[in-house]
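The values are calculated or read from the model by the stated rules, or taken from the named source; none is laboratory data. Computed from a predicted model, the values in this text were never measured in an experiment. Here the Cβ is made from the backbone with ideal geometry for all residues, glycine too, and neighbour counts use every protein chain on show. Side chains are part of the model used for accessible areas, which takes the heavy atoms of the whole protein and leaves out ligands, DNA and RNA. Shrake-Rupley method; radii C 1.70, N 1.55, O 1.52, S 1.80 Å.
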Amino acid sequence: MMSTVLVVGGGLAGAATAKELAASGVRVLMAEATGALGGKVCDYGCKAASKCSNCGVCLTKGLWSEIEESDLVDVRLETRLVDLRGDRGAYTAALKSGGKVDYVEGISDVVVATGFKNESFEDAHAFVEVAGACEDGGSSIIMGSDIERIFKGRDAAEIFEKTPERIAFIQCFGSRDKANHAMYCSRVCCAYSSRAAKVIRQYHPACDIVFFYMEMQQVQSGDYFDELKALGVKFIKCRPVKVTAGEPACVVFDNPETGRRESLSFDLVVLSNGIQSADDAAGIAEVCGLGQDAAGFLKYVTDVDDAKRTGVYIVGCAGGPAKIEDVYAEAVAVARCIA
C-alpha cells in the first residue's frame, strides 16, 4: 500500500508542501480546520507601486486550485487532527470532522502547518481606546490585516472609498510587548505597512503618512526607508501612549525630539499587528509530540534532527513569524526532505 503524508493545515505552508510532495509523486492527505483552503494569505493584496515590491503574494497564484485539482492530494475541510499513534512510516491519525472521528492508517510523515493568529481588537492593549472601532475597514482605527484586505479588494488607484488626508501606522502592535508574551519581532509588519504606504503615496500623493515605531526592520536591500522619507513619509520613534477612535482619531505620544507629550489627529490609524501562536498550538504540540517556546510557537523537543527521527515536521508560521517567501522556501525544503 502506498504511504501517505499527512499535512495539517491548508494555508500557504501546508499547500506549498503538498504541491511539492505531489510533484514528486507522493500522496498527501490534507486536514484543514476551516471550511476553505488558503489561510490568511488569501486576504493579502498585491502591493506593487510603480514596480513589483517583492511582497511575495505572487507566489500563491494558482496554488489553491493546483491542490484542489491534484489527484494525489486528498483535501478534507473542517477536519482536525485529534490523535496520532505509531512511529515514522506507520502512523495512524485520528481526524475529527463534525462529530465523527476517522482513523487513517499508513501515514509515513506528518507536516504541521497550522499557521498563526493576528492580534485583534479583542486583544487590544490598554492604550488603545477602540470605542466605535470595528474590523470592517469602516472605522478610524483598523488593523494591519484589514489594510491587507483593503488592498486585495480594490483597484490600487481606488484604495479607499474616501481618501484619508492623514494616516498613521503604529508598528509592533502585539509584538515586542511583555504583557502579550510577545517580546519578539514579528518580521512582517514593517514590510507590509511600508509597502502599503508607498502605494498610498503613489496614488494619493496629498495624503500625509506618519509611522510611529520603536525599530524599523530592513525590508529589502538599499536605502529603503530613505526612499520612503523622500516620498514624504514621516517617522516618529516612540510607542504611542494612547490611541482613541473618533473622527478624527487621536494619537497621544511622547515626542522624542521635544521631550513633551503631544497629540496628533488622523483620519485613519493602522495598528500594524504582528504574528502570534495559533490558538490550538498547545493541543497540536501534545498530539504530535512537539514542544512550545515561550511565545507558544511550536518547536522540536531537542532540535530539528527530531523531525528526521520522528517524521513530524513543523513548517511555516506554526514555528514562529516568517515572511511569505521564507514560508514557501521552507515548505519546499521539507517536502523534498520527505520525498
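Step through the residues of the stretch 83-88 one at a time and calculate ³J(HN,Hα) from phi using the Karplus curve (6.51 cos²θ - 1.76 cosθ + 1.60, θ = phi - 60°), rounding each to whole Hz and writing x for Gly and Pro.
Computed from phi, the couplings for the stretch 83-88 are 6, 9, 10, x, 9, 3 Hz.
Report the accessible area of Val252, computed with a 1.4 Å probe over the heavy atoms of all protein chains in place, in Å² rounded to the nearest 10.
Probe radius 1.4 Å; accessible area of Val252 about 30 Å².
Give the span of the stretch 282-339's Cα atoms along each principal axis, as three whole-Å numbers ordered largest to smallest.
Sorted from largest, the Cα extents of the stretch 282-339 read 26, 25, 17 Å.
For the stretch 214-259, give the magnitude of the charge dipole about the Cα centre (Cβ charges: +1 Lys/Arg, -1 Asp/Glu; no others), in debye to the nearest 20.
Details: 5 positive and 7 negative charges, 35 e Å.
Value, rounded to 20: 160 debye.
Residue by residue, what Karplus-based ³J(HN,Hα) values in Hz, rounded to whole numbers, does the stretch 62-74 have, using 6.51, -1.76 and 1.60 with θ = phi - 60° and x for Gly and Pro?
x, 5, 5, 5, 4, 5, 5, 8, 6, 6, 9, 10, 9
Tell me, what HN-Hα J-couplings in whole Hz come from the Karplus equation 6.51 cos²θ - 1.76 cosθ + 1.60 at θ = phi - 60° for each residue of the stretch 221-227, using x for Gly and Pro?
Whole-Hz 3J(HN,Hα) from phi for the stretch 221-227: 5, x, 8, 4, 6, 5, 4.
Find how many whole Å separate the alpha carbon centroid of the stretch 42-84 from the alpha carbon centroid of the stretch 246-277.
If we compute the Cα centre of each part, the gap is 34 Å.
Kindly report the accessible area of the chain per residue (heavy atoms of protein chains, probe 1.4 Å, no ligands, DNA or RNA), in Å². Let's see the in-between values first.
Numbers: 15700 Å² over 339 residues.
Per residue, the chain has an accessible area of 46 Å².
Dipole of the chain, Cα-centred, from +1 at each Lys and Arg C-beta and -1 at each Asp and Glu C-beta, to the nearest 20 debye? Before the final figure, lay out the partial values.
Numbers: 36 positive and 47 negative charges, 118 e Å.
Using Cβ point charges on Lys, Arg, Asp and Glu, the chain gives about 560 debye.
Among DSSP bridges having both ends in the stretch 1-102, what percentage is antiparallel? Round to the nearest 5. Can you show the working numbers first?
Numbers: 9 of 19 bridges.
Roughly 45 percent of the beta bridges in the stretch 1-102 run antiparallel, per DSSP.
For a 28 Å ceiling on Cα separation, which of these pairs sit above it: Lys152/Lys234; Lys47/Lys96; Lys61/Lys162; Lys47/Lys299?
Lys47/Lys96; Lys61/Lys162; Lys47/Lys299
Carbon and sulfur together cover what percent of the accessible area of the chain at a 1.4 Å probe radius?
Details: 7570 of 15700 Å².
Carbon plus sulfur share of accessible area: 48 percent.
Mind checking which lysines have their C-alpha under 17 Å from Lys229, skipping anything on the same chain fewer than 8 residues away?
Those lysines meeting the cut-off are Lys198, Lys237.
Please report the antiparallel percentage of the DSSP beta bridges confined to the chain, to the nearest 5. Intermediate values should be presented prior to the final figure.
On the way: 27 of 64 bridges.
Beta bridges within the chain, antiparallel portion: roughly 40 percent.
Between (1) 1.07; (2) 1.02; (3) 1.19, which matches Cα Rg over 2.2 N^0.38 Å calculated for the structure shown?
The value computed from this structure is option (1).
Checking the a/c ratio against 1.5 first, then a/b against b/c, what shape does the Cα gyration tensor give for the stretch 65-105? List each step's numbers first, then the result.
Numbers: a/c = 3.15, a/b = 1.33, b/c = 2.37.
Judged from the Cα gyration tensor, the stretch 65-105 comes out oblate (a/c at least 1.5, b/c at or above a/b).
What shape does the stretch 165-254 take by its C-alpha gyration tensor, where a ≥ b ≥ c are the square roots of the eigenvalues and a/c under 1.5 counts as rounded, a/b above b/c as prolate, and the rest as oblate?
Values: a/c = 2.10, a/b = 1.15, b/c = 1.82.
Here the stretch 165-254 falls in the oblate category.
Once amide H atoms are placed 1.01 Å from N in the peptide plane, what residues at a sequence separation of 5 or more from Tyr313, or on another chain, have their amide H within under 5 Å of its amide H?
Val110, Val111, Val112
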